[in-house]
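Asker: Before I ask anything, here is the structure I am working with.
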Amino acid sequence: MSGFTFSLRPPGPPASQGVWVRVETAHYVLRSITAADVTPEFAAWFDDPLMLLGLNLPALHFSVDGLRAFAASFNNLDNFLIGAFAKEGGQLRGFYNFSVNQAHRLATLTLGMEPRSGLGRAILWETAGPLFDEMFAKAAIDKISGRILANNRRVLFALMDNDHFVSEGMLRQECMGRDGKRLDILAVACFKDEALRPKKTPHHHG
């Protein structure tokens, strides 16, 4: 599963270090990604057509050293790169990238899951809620905002009946696609205020 359509941009040299994030779920450990976590396999994600389709980006051609420098530049204060690591085996299965506007207590989100595993929806359903609650507590934010390409059916399916994200509207012809055509964007959000979240209903996380 690919993710939201915010460009992954190196945030620059960190001025100060913020809060180390670590959350455990039944099958995953969510924690800040370090340079030591970067492998050739992880770097290859950013050249994979499935990942790039969701991110609406050209191939990034990260070298291992380049991606390590990118990972090391996040300061866990106003920018976070959080990995979802499998408890069994320790492999990185996905990432969440938060860019925090401290003045408005708002985070924008990019996420991506291992492109060929077929586990994206299951990982998102298990990890997003606990991680978002941790971010609301640790990063002093009230809202997490994301944008999804309206033709990205894999992510739309993953979010169907989700207990955390709500739709905030469709932005028509909001961006240019890789093929030069204009694309619609679905704006979604998760709120710290539980009254603004979808009502929980019985469902299968699949």
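The values are calculated or read from the model by the stated rules, or taken from the named source; none is laboratory data. These numbers were taken from a predicted model, which means no experiment stands behind them. Cβ atoms come from the backbone with ideal geometry, glycine included; neighbour counts cover every protein chain shown. Accessible surface is based on the protein model in full, side chains and every heavy atom, while ligands, DNA and RNA are left aside. Shrake-Rupley method; radii C 1.70, N 1.55, O 1.52, S 1.80 Å.
Asker: I'd like to check something: does region 94-115 contain any residue that is in contact with a Lys or Arg (Cβ under 9 Å, 6 or more places away or on another chain), in contact (Cβ under 8 Å) with a residue 60 or more places away in the chain, open to solvent by less than 20 Å² (accessible area, probe 1.4 Å) and more than 18 Å from Val19 (Cα to Cα)?
Answerer: Yes, region 94-115 contains a residue that is in contact with a Lys or Arg (Cβ under 9 Å, 6 or more places away or on another chain), in contact (Cβ under 8 Å) with a residue 60 or more places away in the chain, open to solvent by less than 20 Å² (accessible area, probe 1.4 Å) and more than 18 Å from Val19 (Cα to Cα).
Asker: Answer with yes or no whether Leu119 is more than 20 Å from Cys190 (Cβ to Cβ), out of contact with any Ser or Thr (no Cβ under 9 Å at 6 or more places or on another chain) and open to solvent by 10 Å² or more (accessible area, probe 1.4 Å).
Answerer: On the way: more than 20 Å from Cys190 (Cβ to Cβ): yes; out of contact with any Ser or Thr (no Cβ under 9 Å at 6 or more places or on another chain): yes; open to solvent by 10 Å² or more (accessible area, probe 1.4 Å): yes.
Yes; evaluated as a whole, the condition is true for this residue.
Asker: Taking the criterion of being of a type in the set (D, E, K, R), in a strand (DSSP E or B), under 18 Å from the mean Cα position of the chain (by Cα) and surrounded by 12 or more Cβ atoms within 10 Å (Cβ to Cβ), would at least one residue in region 145-152 satisfy it? Break it down stepwise before answering.
Answerer: Step one: of region 145-152, the residues of a type in the set (D, E, K, R) are 147.
Filter once more, keeping what is in a strand (DSSP E or B): 147.
In the following step, the residues that additionally are under 18 Å from the mean Cα position of the chain (by Cα) were identified as 147.
Then drop every residue that is not surrounded by 12 or more Cβ atoms within 10 Å (Cβ to Cβ), which leaves 147.
Yes.
Asker: With the structure loaded, tell me whether Leu183 is surrounded by 17 or more Cβ atoms within 10 Å (Cβ to Cβ), in a helix (DSSP H, G or I) and not small (Gly, Ala, Ser) or whether it fails that test. Lay out the reasoning, then the answer.
Answerer: Numbers: surrounded by 17 or more Cβ atoms within 10 Å (Cβ to Cβ): yes; in a helix (DSSP H, G or I): no; not small (Gly, Ala, Ser): yes.
No: the conditions fail for Leu183.
Asker: Given the criteria out of contact with any helix residue (DSSP H, G or I) (no Cβ under 6 Å at 6 or more places or on another chain) and within 17 Å of Leu30 (Cβ to Cβ), does Asp133 qualify? Steps first, answer last, please.
Answerer: Numbers: out of contact with any helix residue (DSSP H, G or I) (no Cβ under 6 Å at 6 or more places or on another chain): yes; within 17 Å of Leu30 (Cβ to Cβ): yes.
Criteria met by Asp133.
Asker: Kindly indicate which of Leu171, Leu131 is assigned to a helix (DSSP H, G or I) and among the hydrophobic types (A, V, I, L, M, F, W, C). Show your work before the answer.
Answerer: Values: Leu171 fails: assigned to a helix (DSSP H, G or I).
Result: Leu131 is the single residue among Leu171, Leu131 that is assigned to a helix (DSSP H, G or I) and among the hydrophobic types (A, V, I, L, M, F, W, C).
Asker: Further question: Can you pull out the residues in region 141-175 that are under 19 Å from Gly118 (Cβ atoms) and without any contact (Cβ under 8 Å) to a residue 12 or more places away in the chain?
Answerer: Passing the criteria: Arg153, Met160.
Asker: While we're looking at this one, here's another question. Quick one: would you say Ile123 is in a loop (DSSP other than H, G, I, E, B) and closer than 19 Å to Leu81 by Cβ? Break it down stepwise before answering.
Answerer: Working: in a loop (DSSP other than H, G, I, E, B): no; closer than 19 Å to Leu81 by Cβ: yes.
It is false that Ile123 is in a loop (DSSP other than H, G, I, E, B) and closer than 19 Å to Leu81 by Cβ.
Asker: When you scan region 135-144, how many residues do you find that are open to solvent by less than 40 Å² (accessible area, probe 1.4 Å) and modelled with pLDDT under 90?
Answerer: So the first thing to find is which residues in region 135-144 are open to solvent by less than 40 Å² (accessible area, probe 1.4 Å), and the list is 135-136, 139, 141, 144.
Then keep just the ones that are modelled with pLDDT under 90; that gives 139.
Final tally of qualifying residues: 1.
Asker: Now for a separate question. If you scan region 70-89, which residues turn out to be surrounded by fewer than 15 Cβ atoms within 10 Å (Cβ to Cβ) and either β-branched (Val, Ile, Thr) or touching a residue at least 40 places away in the same chain (Cβ under 8 Å) (or both)?
Answerer: Quick first cut of region 70-89, residues surrounded by fewer than 15 Cβ atoms within 10 Å (Cβ to Cβ) only: 87-89.
Passing the criteria: Lys87, Glu88.
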